[in-house]
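What follows is one structure encoded as structure tokens, with my remarks underneath.
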Amino acid sequence: MVNIATAAESVSELHDDHEVSSVAFQTLVLSLTMIEAGLWAAVWMGWIWLALPLVFVAAHVMHGMLIGFHEASHGLLRKSRRLNEFDGVILGMFSFLPFSLYRVVHQTHHMHLATERDTELWPFVRTNVPRWARRLAAFFELTLGLFYSPFIFLRVFVGRDSIIRSGKVRLRIWRELALSVIVWAGVLAAVAFFGVWKYLLWMYLAPAIIAANLQSWRKYVEHVGLTGASVNSSTRSIVPRSWLGHLFAYSLLHEPYHGVHHQNAGLPHRVLPQFTSVLTPKKPDDLSPFMSYRQALPDLIRSLANPRVGAQWNKALHDEHAYRR
């Protein structure tokens, strides 16, 4: 049994052999390329019976690539920093979310996990947000994640009390936003000129909407409804046991081992399964890992009537009961 301290000591060694880590992501890129070629052919031939299942397969692969976007924000997608940044910017462009903005906000998620300063889990970490508003936020994020998720991050950037104060970082974010506008303007102009709207719908928009919603549901499974103060009490992790479960986790760059990632965000995704021992409950409110998302989903769904995250809710509930007495 190797503990997380040993893992931390070996991070530098893992970085030296880091090119192996990108194999899974390269597999996703190649898979998506082939699926998109199949979608193009199916749409061209009018084979809707083939296009429909390919859209869902493409959505799963796109979901995996969104996790690649997350890996890039930790500098763990490529050994080369320039290639890591390049991939992050490109993935962000097609996710409507500037890479540099995501990186800053996601760092606060790790630094202030499940606290009121965790801006990535807003508004569920804020005890002053009414239940109806949190329910509405959950509805939009779980059904329109492609458009609502960028809003969560952009509100941090444009807000009056933005946590992003570095002029250099803000300039880079503005540049990435401008680049996205230019690229998408070119894409839409080309699509309009050639009259190929149906290809944009089938090959990008439909699978991207599904992928973003899958991303949101996975994010919610990981944290929403948990009111613990530690990683293991504020994070649901998936530790698969079947070969199909392991294959599924591989296609999501081992993101299901989410608690391990929060214990040490510097670990490359390929080694996360080696440190599942850190997920063993040690305190009464710690959660045991689930074997699948299907097993974890009911635990999330029960919490959606009153979606919240963080130990601050326990204090708020205690204060409310004391006030009523």
Select from region 106-122 the residues that are under 23 Å from residue 305 (Cβ atoms) and either crowded, with 18+ Cβ neighbours inside 10 Å or at pLDDT below 95 (or both) and list them in ascending order.
-> 114, 118, 120, 121, 122
Of the residues in region 123-145, those that are among the aliphatic types (A, V, I, L, M), open to solvent by 50 Å² or more (accessible area, probe 1.4 Å) and not in a loop (DSSP other than H, G, I, E, B) come to 136
Being of a type outside the set (Asp, Glu), at pLDDT below 95, out of contact with any strand residue (DSSP E or B) (no Cβ under 6 Å at 6 or more places or on another chain) and under 27 Å from residue 35 (Cα atoms) narrows it down to one of 66, 76, so name that one.
-> 76
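For region 295-321, what are the residues that are open to solvent by 50 Å² or more (accessible area, probe 1.4 Å) and at pLDDT below 95? Let's see the steps before the verdict.
At the first step, the residues of region 295-321 found to be open to solvent by 50 Å² or more (accessible area, probe 1.4 Å) are 295, 297-298, 301-302, 305, 308, 314-315, 317-321.
If the condition is that a residue be open to solvent by 50 Å² or more (accessible area, probe 1.4 Å) and at pLDDT below 95, then 314, 315, 317, 318, 319, 320, 321 are the ones that fit.
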Note: among 249, 212, 206, just one is part of a helix (DSSP H, G or I), of a type in the set (Gly, Ala, Ser) and more than 18 Å from residue 25 (Cα to Cα), namely 206
Out of region 183-209, which residues are in contact with a Leu (Cβ under 7 Å, 6 or more places away or on another chain) and open to solvent by 50 Å² or more (accessible area, probe 1.4 Å)?
-> 202, 209
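Is it fair to say residue 56 is assigned to a helix (DSSP H, G or I), modelled with pLDDT of 95 or more and open to solvent by 70 Å² or more (accessible area, probe 1.4 Å)?
On the way: assigned to a helix (DSSP H, G or I): yes; modelled with pLDDT of 95 or more: yes; open to solvent by 70 Å² or more (accessible area, probe 1.4 Å): yes.
In short, yes.
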The correct count of residues that are open to solvent by less than 30 Å² (accessible area, probe 1.4 Å) and either touching a Cys at 6+ places or on another chain (Cβ under 7 Å) or of a type in the set (Ser, Thr, Tyr) (or both) in region 146-178 is 2
Just one of (1) of a type outside the set (Phe, Trp, Tyr); (2) part of a helix (DSSP H, G or I); (3) over 12 Å from residue 73 (Cα atoms); (4) touching a Lys or Arg at 6+ places or on another chain (Cβ under 6 Å) trips up residue 100, so point out which.
-> (3)
Quickly run through region 252-264 and pick out the residues that are under 14 Å from the mean Cα position of the chain (by Cα) and part of a loop (DSSP other than H, G, I, E, B).
-> 252, 253, 254, 255, 256, 257
Number of the condition not met by residue 228 [criteria: (1) assigned to a loop (DSSP other than H, G, I, E, B); (2) of a type in the set (Gly, Ala, Ser); (3) in contact with a Phe, Trp or Tyr (Cβ under 9 Å, 6 or more places away or on another chain)] = (3)
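The values are calculated or read from the model by the stated rules, or taken from the named source; none is laboratory data. Quick caveat, the model's predicted, so the values are computed rather than measured. Cβ coordinates were reconstructed from backbone atoms using ideal geometry, including for glycine residues, and neighbour counts include every protein chain displayed. All accessible areas refer to the heavy atoms of the entire protein, side chains included, with ligands and DNA or RNA removed. Shrake-Rupley method; radii C 1.70, N 1.55, O 1.52, S 1.80 Å.
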